[in-house]
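Have a look at the structure below before the remarks.
The values are calculated or read from the model by the stated rules, or taken from the named source; none is laboratory data. Remember, it's a predicted structure, so these values are computed and weren't measured experimentally. We place every Cβ from the backbone using ideal geometry, glycine too, and count neighbours over all the protein chains shown. Just so you know, the surface numbers come from the protein's heavy atoms only, side chains and all, with ligands and any DNA or RNA stripped out. Shrake-Rupley method; radii C 1.70, N 1.55, O 1.52, S 1.80 Å.
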Amino acid sequence: MKSKKSSGKLISFKLINSEKLISGLVVDYNENWTLLKYNPVDYIIDGYLILNNKIIENHSTGSSEKFTEKLLLLKGYKVKNKEIIPLKNIETILSYLNKKFDLFQFSINRKKISVILEISSLLKKKRLILT
């Protein structure tokens with residue numbers, strides 16, 4: 001992805017050390033991060049996904065992705081400017097997410113280690129759950 005023409009397009013990503021492809025509509029990206037409207041299965045969007053570009057092995061936009069993109073757009077899933085998350089650095093991303101959303105999930109994969117963190121806001125208190 002070398003130009004902003006990828007914004008709004010459905011792209012599948014092959015991650016390092018993973019057999020599973022990750023797909024989504026590209027909302028924004030820079031040299032370090034890619035922000036997607038996550039499309040885990042079929043023709044639905046399940047929140048947002050921010051990928052660190054260091055873990056992307058390659059990406060594709062074949063006929064399957066183009067078909068899924070067309071269906072998602074027909075269902076009204078479009079990229080809007082208000083969805084842009086500042087992708088400057090990890091501190092800026094987390095600060096923005098903390099202010100904007102009540103619940104979000106981190107997934108950190110390093111070889112065979114996986115840590116999932118959930119942070120939620122409930123009655124103005126923040127909880128950190130490690131599973």
Test result for Asp28, surrounded by 16 or more Cβ atoms within 10 Å (Cβ to Cβ), modelled with pLDDT under 90 and under 12 Å from the mean Cα position of the chain (by Cα): yes
Looking only at segment 1-25, and only at residues there that are part of a loop (DSSP other than H, G, I, E, B) and of a type in the set (Lys, Arg), the one that is surrounded by the fewest Cβ atoms within 10 Å (Cβ to Cβ): Lys2
Every pair of residues 6+ apart whose Cβ atoms lie under 7 Å, when the first sits in segment 50-65 and is farther than 18 Å from Glu19 by Cβ while the second is open to solvent by less than 80 Å² (accessible area, probe 1.4 Å) and among the aromatic types (Phe, Trp, Tyr): Ile50/Trp33; Asn52/Trp33; Asn53/Trp33
